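Read-outs: derived from the displayed coordinates by stated rules, not from any lab. These numbers were taken from a predicted model, which means no experiment stands behind them. Please note: Cβ atoms are built from the backbone with ideal geometry, for glycine as well, and neighbour counts cover all protein chains shown.
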């Protein structure tokens, strides 16, 4: 049975929140979209721009624990830590590393395949008739390795992808150069994954989607949400900059900033910020044919409007510390190694925060004990990829329709405290 028209307040105007707003509008609801800075001001601006439909393998894979010292101490490794943050990080990190086993990797992959597997089609459906379609570019997604042995060291991930029906073409030496001559001798093996996509300007894409939502009647508020108001177990509003904004339902989709409100709703210990970096090379002399993952350094190089964006890195240091310099230097060294001779006119640097859940699976669905409260955050490296599908699922739940997939793996209940929020 479908629910009557509601006033839905969406907290967070990144890709997940904006997708939720658009699908709720299409389902006939009134929408208030709230963000402390405005649309696409966080990770939705700075992400790698890849619609990574096969991005189902988590960071926490078998062997991660024994590799951590080398990853932290190696000059050319993509993991960084602000050591003063370690005591605060340790409880979450212990839980995160506890999932670095094959069975949990398979569990997470199965859950994520249902969220990201049709990403290109989901983005096209979301953006239809919004004016944002122009930013969506169907493309291959290519993983680049030093050689076949390096590729085979990732065999668990590729076996799991095959189990979920993903296909690819292996390109070695001459075949790789024929496909894309942009890369130098340090890259000897490639995996071409068809039927993926890229967003040629992620920030402007989400801004255009948000603008469309406003033209359809959504109300955009710039402000800080400090609490969820609920009476007799039912959401009645939000506290925004000291005032109450009335609503029948709210969706917490604030990415890495979702933690404080989640805790107030009784969902605790869920998330940590993975600080990510990008370096944009404007007017580069070499541009790859399609977005690529440089596997040795764990970053993507994505062609965008007028520039090549290098995005990746994992740094743990919390939400407040300033950017580090070493990740930018690493990205520049690695692209010069992968694409010898590349030059560019200027660079633009960015650092932002990915929402990383300890079990690497986003929280999507109702909050236990608070009718009308839902969560939609924690997509770590695939927020752009999974945003449209997540927004559609949340709108279906708000509208009283049963989604066509089992939502238990994503349920916020797995992190809910026994004591209900008051």
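Given bins 5 angstrom wide, list per bin the percent of all Cα-Cα distances in the range 159-225, short to long.
4, 12, 13, 11, 12, 11, 9, 8, 9, 8, 3, 0
If you take all C-alpha pairs in the range 194-239, what percent of them are over 17 Å apart? Walk me through the numbers on the way to the answer.
Working: 635 of 1035 pairs.
So the pairs more than 17 Å apart make up 61 percent of the total in the range 194-239.
Between rounded, prolate and oblate, where does the range 1-81 land on the alpha carbon gyration tensor, with a ≥ b ≥ c its root eigenvalues, rounded for a/c under 1.5, else prolate if a/b exceeds b/c?
Prolate shape, in that a/c is at least 1.5 and a/b is the bigger ratio.
Given the rule -39500 (n - 2.57) for each run of at least 4 DSSP H residues, summed and divided by the residues of the chain, what is its mean residue ellipticity at 222 nm, to the nearest 500 deg cm²/dmol?
-9000 deg cm²/dmol
I need the fraction of alpha carbon pairs in the range 84-132 separated by more than 16 Å, rounded to a whole percent.
Result: 63 percent of Cα pairs exceed 16 Å.
Mean projection of the alpha-carbon convex hull of the range 149-271 over all orientations, in nm²? Mind dumping the intermediate values first?
Numbers: hull surface 52.6 nm².
Averaged projected hull area, Cα only: 13.1 nm².
What's the center-to-center distance, using Cα atoms, between the range 1-37 and the range 206-282 in Å?
Going from one Cα centre to the other spans 11 Å.
Whole angstrom only: what separates the Cα centroid of the range 335-383 from the Cα centroid of the range 116-166?
First find each Cα centre; the distance between them is then 16 Å.
Counting every Cα pair in the chain, what percent are over 35 Å apart?
Looking at the chain, the distances longer than 35 Å represent 25 percent of pairs.
The range 86-176: D in µm²/s via Stokes-Einstein (Kirkwood Rh, Cα pairs, 4 °C, 1.567 mPa s)?
It comes out at roughly 78 µm²/s.
Based solely on C-alpha atoms, express the radius of gyration and the Dmax of the range 40-195 in angstrom.
Looking at the range 40-195, its Cα Rg and Dmax stand at 18.1, 50 Å.
Between 278, 99, 353, where does the largest GNM mean-square fluctuation fall for the chain, given springs only between Cα atoms within less than 10 Å?
Ranking 278, 99, 353 by mean-square fluctuation puts 99 first.
Just to be sure I understand the curve: with the Debye formula and one point per C-alpha of the range 261-337, what is log10 I(q)/I(0) at q = 0.19 Å⁻¹?
Per q value, in the given order, log10 I(q)/I(0) is -0.82.
Can you list, bin by bin at 5 Å, the percent of alpha carbon pairs in the range 277-405, starting at 0?
It works out to 2, 9, 16, 17, 14, 12, 10, 9, 6, 3, 1, 0, in whole percents.
Given the options 345, 134, 264, which has the most mean-square fluctuation in a GNM of the chain, springs set between C-alpha atoms less than 10 angstrom apart?
Taking springs between Cα atoms under 10 Å, the residue moving most is 345.
Using a Gaussian network model of the chain with C-alpha springs under 10 Å, which one of 400, 352, 259 is most mobile by mean-square fluctuation?
400
At 0.36 nm per residue, and after removing the present C-alpha to C-alpha distance, how many nm does the segment from residue 329 to residue 224 gain when stretched out fully?
34.4 nm
With each label point set 7 Å from Cα along the Cα-Cβ vector, what nm distance links residue 125 and residue 84?
Here the answer is 4.8 nm between the modelled labels.
Consider just the alpha-carbon atoms of the range 294-349 and return their Rg together with their Dmax, both in angstrom.
Radius of gyration, then largest Cα-Cα span, for the range 294-349: 12.3, 37 Å.
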